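Novice: Before I ask anything, here is the structure I am working with.
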Amino acid sequence: MGTRRRVPVQMTFEDRRELTRAGIKKRRPGPKPAEFPNVRHRARAVHKYWNPLHVTLRARRGLPSFRSQTLFAAFEHAVRRTRRDDFRIVEFSVQDDHLHLIVEADDSDALARGMKSFSVRANRLFNAAALRGRGRVWADRYHRRDLTSARQVRNALVYCLSNYKKHQHVTSGAPRIDPCSSARWFQGWTAIRQHDDGPRPAERARTVLLRTAWQKHGFIHPGEAPRTPN
């Protein structure tokens, strides 16, 4: 015997109200949100090349800490290998379950392609380093904040490079450089550090805001605490 097809029944408004009162919700058609959605799925604003961006990528739950030596090395390698003429990662920091990036892009398409290139590469290198074969690393789309003033750029730099103080419960005044970031190569500290940490993993800034303009608000002290960029 063949399978009998169900005949759809048209519900009345009164039927729908009764289901709502009973606590039964009708399943809506279309794509479903991520397990732990962080970013609303809507059209992104047009990006202007003269504005740097603060980008955050969040991990799926249940993954090991990104700050272990092996996994941080995988992300640093992903930064080093992401080289495009129209997209640049200028600063970065790796936290337990998310990444902060300060990036530049020539336009919206360049930003989309550059972030896809980095996120896919970082996903693959993470899986290899964690010996997990394959699987998704990122919980959702990246969160983006366009930086349109020198003050916003400075705040974003502090937030990115000193973010470990917020998550690792480090005393705000501790003049310490986060080893799981590009802070070792950053040249905007109040005192220039003498070091030999090898070639810089990220690229040099090209936009005026990120290259020089933010410095009019003062160089950054290594003990400065992060705060929400504004």
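Novice: Among (1) farther than 20 Å from residue 209 by Cα; (2) over 12 Å from the mean Cα position of the chain (by Cα); (3) among the acidic types (Asp, Glu), which single condition is residue 97 missing?
Specialist: (2)
Novice: Tell me which residues, restricted to the stretch 42-66, are touching a His at 6+ places or on another chain (Cβ under 9 Å) and part of a loop (DSSP other than H, G, I, E, B).
Specialist: Matches in the stretch 42-66: 66 only.
Novice: Oh, and also: Being in a strand (DSSP E or B) and over 17 Å from residue 61 (Cα atoms) is the filter here, so list the residues in the stretch 84-96 that pass it.
Specialist: Keep residues of the stretch 84-96 that are in a strand (DSSP E or B), which gives 84, 87-94.
Those that are in a strand (DSSP E or B) and over 17 Å from residue 61 (Cα atoms): 84, 87, 88, 89, 90, 91, 92, 93.
Novice: Could you please give the count of residues in the stretch 58-94 that are of a type in the set (S, T, N, Q) and more than 16 Å from the chain's Cα centre (by Cα)?
Specialist: Here the count works out to 3.
Novice: (1) free of Cβ contacts under 8 Å to residues at least 40 places away in the same chain; (2) surrounded by 22 or more Cβ atoms within 10 Å (Cβ to Cβ): which one isn't true of residue 124, the others all being true?
Specialist: For residue 124, the exception is condition (2).
None of the figures in this text is laboratory data; all of them are computed from the coordinates on show. All of these numbers come straight from a predicted model, not from anything done at the bench. Reconstructed Cβ throughout: ideal geometry from the backbone, glycine too, with neighbour counts over all protein chains shown.
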